[in-house]
Amino acid sequence: MSSKVFGVILAGGGGTRFWPLSRKATPKQLLNLTGKDVMLNETIDRISSVAALRDIFVVTNAVQTGGVIKVNKGRIPDKNVLSEPSARNTAACIGYAAIKILKEKGDGIMVVTPSDAYIKDEVTYSKILETAIFAADTENKIVTIGITPTFPATGYGYINFEDSESAVKPVKKFVEKPDLETAKKYFESGKYVWNAGVFVFRASLILEKFKKLLPDIYSDLKKIESAIGTENEKSVTEEVYPLMRKISIDYGIMEKSNDILVVPGEFGWSDVGSFDMLGAIKDKDDSGNISVGDTMIIDSKDCVVFSSGRQISLLGVDNLIVVETADAVMVCAKDQAQNVKKIVDKLSENNREELL
């Protein structure tokens, strides 16, 4: 490997499905769900196996910037926390990171990853990252990491790849979240992997893709680039950034490119997207219950109970999620875990900002 490697961690999400634990200023990625550390710090530590800490960047939104700097406790330089004036989806924030890196540090390989995934086998994950970095460096192509499916999931996007003896395989197409029957076909074929949103590419290459496929965003990025390192950088970024088109990197670039590679792998990955998925990181009792904090569960099964302080007791109930914080209690049926964000939407409609 000859090129310098930069880590870019996307940490601007709201984590609304983890309300009331997750709030605007302290979203899911700033929570300690595993019992070891907050999810962002675990991500930084993983990426440090392939990139120096001084070369790891976190892109977050203005509301969360202070929290990101506080919780990472100096792991990375404060100046490497890039603050988005407004949320414009993943294309804008990846482009922003690319121009910042290229202008301040020169060209190199960017490893772009979400901030809030759980990875059990970090050794295997690091090896797969190294394989992807080598391919991105030597072939100058976009490389993505694909998760070998363990079941026919309907909640993830998929990547269809061509047969190849190599560990790095040509991508045929990106596929949106399928229905169950389609997911079963993908799973059984062995030619599809889950899209985990981990991408590896040269900074200059991704900007070339922006210029070709997202010229309007590229033009905005060039305006910001011209101000980087000057006294006008903050004001220009705050003026231009909110006007950029909202589009994901998947829609804007990945799905329109025909020269992407994928490295399939299995390393105990989970996006832990909602309370019902805590089983990926927490042990269940003999009745299938997951509990955190001061809890007591009697004659109940398949429940998730999360206490931040007060004692929670369950008796004779099944398939419930109960979450307690200092100012709120959330109770829902387990099969409604994906819809917790509806509560956040309703609180917003009712102007309950103190709970958001």
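Using equal-weight Cα scatterers in the Debye expression, the normalised intensity of the chain in log10 at q = 0.08, 0.10, 0.13 Å⁻¹ is -0.41, -0.65, -1.08. Modelled this way, with points 7 Å down the Cα-to-C-beta line, the labels at Asp302 and Asp163 are 4.0 nm from one another.
Computing FRET efficiency as 1/(1 + (r/R0)^6) for Lys70 and Lys173, where r is the C-beta to C-beta distance and R0 is 41 Å, gives about 0.50. Holding the Cα-Cα limit at 31 Å, pick out from Lys127/Lys256; Lys191/Lys212; Lys103/Lys191; Lys4/Lys184; Lys256/Lys334; Lys79/Lys342 the pairs that are longer than that. With Cα atoms farther than 31 Å apart: Lys103/Lys191; Lys4/Lys184; Lys256/Lys334; Lys79/Lys342. Projecting label points 7 angstrom from Cα along Cα→Cβ for Tyr251 and Ser348 puts them 1.6 nm apart. Residue separation of Ala25 and Asp37 scaled by 0.36 nm, minus their Cα-Cα distance, works out to 2.6 nm of gained length. Over the range 276-355, all Cα pairs binned in 10 Å intervals from 0 give whole-percent P(r) values of 17, 49, 27, 7, 0, listed from short to long. Antiparallel beta bridges, as assigned by DSSP with both residues in the range 228-356, represent about 30 percent of the total such bridges. In a simple Cβ point-charge model (Lys, Arg +1; Asp, Glu -1; nothing else charged), the chain has a dipole of about 760 debye relative to its Cα centre.
Between helix 62-72 and the chain there is an angle of about 80 degrees, using the helix long axis and the longest principal axis of the Cα atoms.
Backbone amide hydrogens, once placed in the peptide plane, bring Asn61 within less than 5 Å of Glu84, excluding anything fewer than 5 places away on its chain. Of all DSSP beta bridges confined to the chain, the antiparallel ones make up roughly 45%.
Using θ = phi - 60° in the Karplus curve 6.51 cos²θ - 1.76 cosθ + 1.60, the 3J(HN,Hα) couplings for the range 87-95 round to 7, 10, 6, 7, 4, 4, 6, 6, x Hz; x is entered for Gly and Pro. Projecting each Cα onto the charge dipole of the chain (Lys/Arg +1, Asp/Glu -1 at the beta carbon, about the Cα centre), which of Ile44, Ile224, Ile94 comes out farthest on the positive side? Value computed over the given set: Ile224.
Taking a point 7 Å out from the Cα of Ala280 in the direction of its Cβ, the residues of the range 299-338 whose backbone N falls within less than 16 Å of it are 337-338.
With contributions of -39500 (n - 2.57) from each DSSP H run of at least four residues, the per-residue ellipticity at 222 nm computed over the chain stands at -9500 deg cm²/dmol.
Since every read-out is calculated from the coordinates, none of them should be taken as a lab result. Keep in mind that what you see is a predicted model, and the values were worked out from it rather than measured. With ideal geometry, Cβ positions are generated from the backbone for all residues, glycine too; neighbour counts draw on all protein chains shown.
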